[in-house]
Amino acid sequence: MNNKYEKHACANCGQLIECTRSLSCQCQQITIPETAQDFIAASFDGCLCLACINKIIHQLEKASS
């Protein structure tokens with residue numbers, strides 16, 4: 001069966017997330033700064049949950065201030 005949505009574990013914390021690979025995907029609900037996008041792409045092989053994305057954004061913002 002070919003599902004429209006793929007369920008897989010967050011590459012950081014392991015929480016089960018659903019990837020739609022479209023504009024309705026959970027990661028499209030927030031604006032991810034380019035520095036965070038670059039860090040995530042260099043550090044992880046898969047998608048992250050919103051909690052992990054937000055945590056990384058805040059950590060990078062804190063480190064740059």
Using beta carbons and a limit of 7 Å, which pairs, at least six apart or on different chains, have the first residue in the stretch 1-16 and closer than 19 Å to A51 by Cβ and open to solvent by less than 90 Å² (accessible area, probe 1.4 Å) and the second one at pLDDT below 95 and among the aliphatic types (A, V, I, L, M)?
H8/I17; A9/L16; C10/I17; C10/L48; A11/L48; N12/L48
Return the residues of the stretch 21-36 that are at pLDDT 85 or above and open to solvent by 60 Å² or more (accessible area, probe 1.4 Å); say none if nothing qualifies.
T31, E34, T35
Pull up the stretch 43-65, narrow it to residues that are among the hydroxyl-bearing types (S, T, Y) and farther than 24 Å from K7 by Cβ, then point me to the one that is surrounded by the most Cβ atoms within 10 Å (Cβ to Cβ).
S64
Given the conditions (1) outside any loop (DSSP other than H, G, I, E, B); (2) among the hydrophobic types (A, V, I, L, M, F, W, C); (3) modelled with pLDDT under 85, report the number of the one that F39 does not fulfil.
(3)
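The values are calculated or read from the model by the stated rules, or taken from the named source; none is laboratory data. These numbers were taken from a predicted model, which means no experiment stands behind them. FYI the Cβ positions are ideal-geometry reconstructions off the backbone, even for glycines, and counts take in every protein chain you see. Please note that ligands, DNA and RNA were not included when accessible areas were found on the heavy atoms of the full protein model with its side chains. Shrake-Rupley method; radii C 1.70, N 1.55, O 1.52, S 1.80 Å.
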